[in-house]
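Down below is the structure, laid out as structure tokens.
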Amino acid sequence: MTQNGRRLALGTAAALLMPAGITVLARLLLSRDALTDIVMLYLLGVVIVSLRFGFWTSVASAAGSVLAFDVFFIRPYLTLTVADFRHVITFGVMLAVAVVIAGLAQRVRNQEATRRQFETERLRSMLLSSISHDLRTPLAVMKGAASSLAEVDTMEAGARRELTLALLEECERLEHLVTNVLDMTRLQAGDVKLRTELQSVEELVGGALNRLETVLRDHPVTVQGTSNLFVECDASLFEQLLVNLLENAAKHTPSGTAIEISARTGQGELKVTVHDYGDGMSPEELQNAFRKFDRGAKRRGSGFGLGLPICRAIAQAHGGALRAENHTDGGLAFEVSLPWKPANALSELEEGVE
């Protein structure tokens, strides 16, 4: 059965079963004379169907509700005959209200679909814009370096090494860009299974710093509070989170700017902060810091603008959070928080091993 067919079948079932279910519920819990309460129950059922299915399914549910109300709660019972004409007006008002509710719900769905379509087009345009620059640039450098290496046989060893290093650097940059796109796709699709184990925060930070040794060579980095601290997490993902935050700090601050990494625990959380001493962000940039493909109007460097969204997705996958704020001492601070238990202390870990 196709998706449309399944949706039609579900809608038909809802239009039939919702009035039937409410009828049974009302007969069990309410007196037949509590007509106002019964009408409210039927309208609630129409609202539920309206929020989940289309306009005509909601109208069908409303019509079924009116019929069920007439047959089971209006004298004479179990017939379509109406003894009091006022009840006909009640049926009309009930059906009209239900149709209005269905129409409003349909309008909300249409607005949401339009918003999603607009957001999709925005992301597509921003992705194409990023690709046109951030993929072409390393490819152009790689092509130029490779052409020079291939065409010049008498090149000095120093010049050849310089071109080779440039080629390697651009390959790594290109790999990083593509990896970010793939990671974001996997995280959004929920296709990431966490392999959580007790990890040393000090080793995770050290691993991230080792991976970024070249990127951070012009930025003095200090680390505080990570010794003898352990947390349950997926080591590769959390290290990637730290790599992205550190790379973001290095990319968007002038050469020589210090970067601080600190960790602390409290109230059941581990909090790791990456603090740079650059220019910080404007309020608008802070608000949009975790939007995909948003790199900020004044931010330095290149990239798809996926590093920070990936960081937040990784933190949320662990049941944590990531926030950004301009630090009181200047610069920008990103704070990632993960669930943490005091049992993660080193002494208790050693006792468990023994």
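Every number here is computed from the coordinates shown, using simple stated rules; none is lab data. What you see is a predicted model, and the numbers here were worked out from it, not measured in a lab. Don't worry about glycine lacking a Cβ; one is built from the backbone with ideal geometry, like all the others, and counts go over all protein chains shown.
When you count the other C-beta atoms within 10 angstrom of each residue and take the mean per peptide, 111-119, 217-225, 29-37 line up highest first as 217-225, 29-37, 111-119. Just to confirm a number: summing +1 for Lys and Arg and -1 for Asp and Glu over residues other than Gly330 whose beta-carbon lies under 11 angstrom from that of Gly330, what do you get? Its environment carries a net charge of -3. Nearest 0.05, what FRET efficiency do Val108 and Leu28 give at R0 = 30 Å with Cβ-Cβ as r? For R0 = 30 Å, the calculated efficiency reads 0.40. When the P(r) of the range 3-114 is calculated, the portion above 25 Å amounts to 22% of the C-alpha pairs. Site pair Gln287 and Arg116 shows an inter-label distance of 2.5 nm when each label is modelled 7 Å from Cα along Cα→Cβ. Count Lys and Arg as plus one, Asp and Glu as minus one, and take only other residues whose Cβ is under 11 Å from that of Cys233; the net charge is then -3.
Near Thr12: Cβ cut-off under 14 Å, other residues only, Lys/Arg at +1 and Asp/Glu at -1. The net charge is +3.
In this calculation the C-beta distance from Glu202 to Ala96 is compared with R0 = 56 Å, giving a FRET efficiency of 0.25.
First measure r as the distance between the Cβ atoms of Arg161 and Ser236, then evaluate 1/(1 + (r/R0)^6) with R0 = 45 Å and state the FRET efficiency to the nearest 0.05. Given R0 = 45 Å and the Cβ-Cβ separation, E is 0.90.
Descending by average beta-carbon neighbour count within 10 Å, the peptides 15-21, 157-163 line up as 15-21, 157-163, the highest first.
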